[in-house]
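Engineer: Structure in structure tokens, see below.
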Ligand code: NAP
């Protein structure tokens, strides 16, 4: 009975290296790895040993006969990928690792504490003599795993178990609640470390550039996601959910996440780690229809097949499709064809009275966000697009004159994240990334980038593993070549510097105390955790938990 990769696949490829018969593809050295929506086990060559199950950090792999009903479509999806013959060696590639040529102490500061930062720390700590300090402006680490992954995707969040192992390694240190560029400068970081790695992600959003985009009631999906995930910067936000219809612009996985959260029965979310304020607001929500607007056709949609499978399996959400015949064009790849089949099947199901509905509206672009008499969002003018091949293999959306206004009380644009320039570092405004070569920041020896600020907002949590590997290999090669400057200041001096500037910088034990407090509060309500969403309450939990009081204080104090 073969094993099967399911929806939560994070793409970090740990399973690939564990498989003794190289049955899991694409492997990181294959050209389609960067484009793959997940990894797939070949049912013919799988020997059912289960090594991949142990290696997977998010529990996404199961034996064929242990799948839940919702996971059954993945049997087919894994097999489908392998229907196209691939040639590969009998054993998976071994990840090449640039070894250190010295065991001297190598101190690295990593800015950011999301997946790219923690994978970079993990890669560095595989080498002897390395010490990493992971710095984040928030008191809580884990970036988008905490503040981005939808609350109804708990298996994706199990990657936190892997993060815990990384954090426990000797040589790992957190300095949380420290804002680089505000509390400490890049020059100060560089003066106290051999190297600095920026893994700050892409925290802003792209703009549509249309009239009415900033009206009250029109905002970004990234804000909405951060709000329902309890990001402290968004704890005081409110979203008007009093209208019948919400419109989400964009066709990626984030758009699908926000549409699904808006369409989910709040009682289903009550058992998740969704922020309390969001659960309260969603319980009072009048939104019954969420229109997901894609500027191109269904076959061009950026949302992935695993996520679409997860949506159409849901028995509490109806699906409608407008603006696309869902006919599979000749030459369409099998995975995209499966997407169209799923949409067609879901849209053909009878509507259930009272069910919340997600309406996929393809080949449409917003032209204007309209206001009501009070200056609030009243609707969106959507223009129908012709889909025109550009001759270079890309199909472009070309606006017609056919415009329709769709009334809505909430408009969320979800057209991609955008990186933010970092103080003292070069920045390419077009790609919103830091210019680099294999992770080495242009013109700044000893400074590196990893994750979305390096390659732009694409891929999955585990994609950051290979991205961080490349950066760390470059860093270690530079150390071996003697290109990194010996720090002028000791690490104790750096901690003193931070202690002088930051009233309460939180270390690993402080984060553990926050984590324990959240989990304990969640346990009483049958939830994985009840998130603390205010900075002062986070600091309080870090310093006053029972565990903290038994041991030395967890805060670096002034
Ligand atoms: P994304 O995948 O890049 O999708 C962006 C969407 O916005 C595309 O549909 C794009 O359409 C559309 N768009 C861009 N500019 C537009 C414009 N001016 N007007 C209308 N539409 C426009 O971005 P994302 O959804 O923010 O996701 C970011 C990354 O995180 C992705 O790699 C995603 O897979 C990942 N993610 C994964 C999960 C998960 O696995 N569960 C969840 C969330 C995010 P075109 O294709 O026409 O450009």
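Engineer: If I model a spin label at residue 327 and residue 155 as a point 7 Å from the Cα along the Cα→Cβ vector, what separation in nanometres do I get?
Structural biologist: Label-label distance for residue 327 and residue 155, simple model: 3.6 nm.
Engineer: Further, regarding this structure: Compute the distance in nm between two label points, each set 7 Å from the Cα along the Cα-to-Cβ direction, one at residue 544 and one at residue 428.
Structural biologist: Between residue 544 and residue 428, the simple spin-label model gives 4.9 nm.
Engineer: What is the extension gain from residue 21 to residue 69, computed as 0.36 nm multiplied by their sequence separation minus the C-alpha to C-alpha distance, in nm to one decimal?
Structural biologist: Gain on extension, residue 21 to residue 69, equals 14.5 nm.
Engineer: While we're on this one: Got a sec? How would 308, 483 order by Cβ neighbour count within 10 Å, fewest to most?
Structural biologist: 483, 308
Engineer: Now for a separate question. Could you tell me the convex hull volume per residue, in Å³, taken over the Cα atoms of the stretch 43-162?
Structural biologist: Convex hull volume per residue, Cα atoms: 157 Å³.
Engineer: Using the alpha-carbon centroid of each, what span in Å lies between the stretch 309-378 and the stretch 233-252?
Structural biologist: Each part's Cα centre sits 18 Å from the other's.
Engineer: Multiply the residue separation of residue 534 and residue 357 by 0.36 nm, subtract the distance between their alpha-carbon atoms, and state the gained length in nm to one decimal.
Structural biologist: 60.4 nm
Engineer: Would you mind getting me the FRET efficiency between residue 97 and residue 485? Use the beta-carbon distance for r and R0 = 22 Å, nearest 0.05.
Structural biologist: With a Förster radius of 22 Å, E is 0.35.
Engineer: Using the count of nearby Cβ atoms within 10 Å as a rough guide to exposure, how do 119, 33, 427 rank from fewest to most?
Structural biologist: Ordered by Cβ neighbours within 10 Å, fewest first: 427, 33, 119.
Engineer: Taking neighbour Cβ counts within 10 Å as the exposure measure, how do 436, 300 sort from fewest upward?
Structural biologist: 300, 436
Engineer: Please check which bits of the stretch 327-356 a label hung off residue 32 would reach, taking the label as a point 7 Å along Cα-to-C-beta and the cut-off as backbone N under 11 Å.
Structural biologist: Residues 333-336 fall inside that zone.
Engineer: Ok, one more. So if each residue of separation counts as 0.36 nm, and I subtract the Cα-Cα distance between residue 54 and residue 477, what length gain in nm does that give?
Structural biologist: Contour length minus the Cα-Cα distance gives 149.1 nm.
Engineer: What 222 nm value per residue comes from the helices of the chain, counting each DSSP H run with n ≥ 4 as -39,500 (n - 2.57) and dividing by all residues, nearest 500 deg cm²/dmol?
Structural biologist: Result for the chain: -8500 deg cm²/dmol, rounded to the nearest 500.
Engineer: Grab the beta carbon distance between residue 268 and residue 236, set R0 = 25 Å, and tell me the FRET efficiency rounded to 0.05.
Structural biologist: Given R0 = 25 Å and the Cβ-Cβ separation, E is 0.45.
Engineer: Between 0 and 90 degrees, rounded to the nearest ten: what's the tilt of helix 491-501 against the longest Cα principal axis of the chain?
Structural biologist: Result, in degrees: 60.
FYI, it's all coordinate maths here, none of it is from the lab. Just so it is clear, the structure is predicted and the values come from calculations on it, not from any experiment. Positions of Cβ are backbone-derived with ideal geometry, glycine not excepted, and every protein chain shown enters the neighbour counts.
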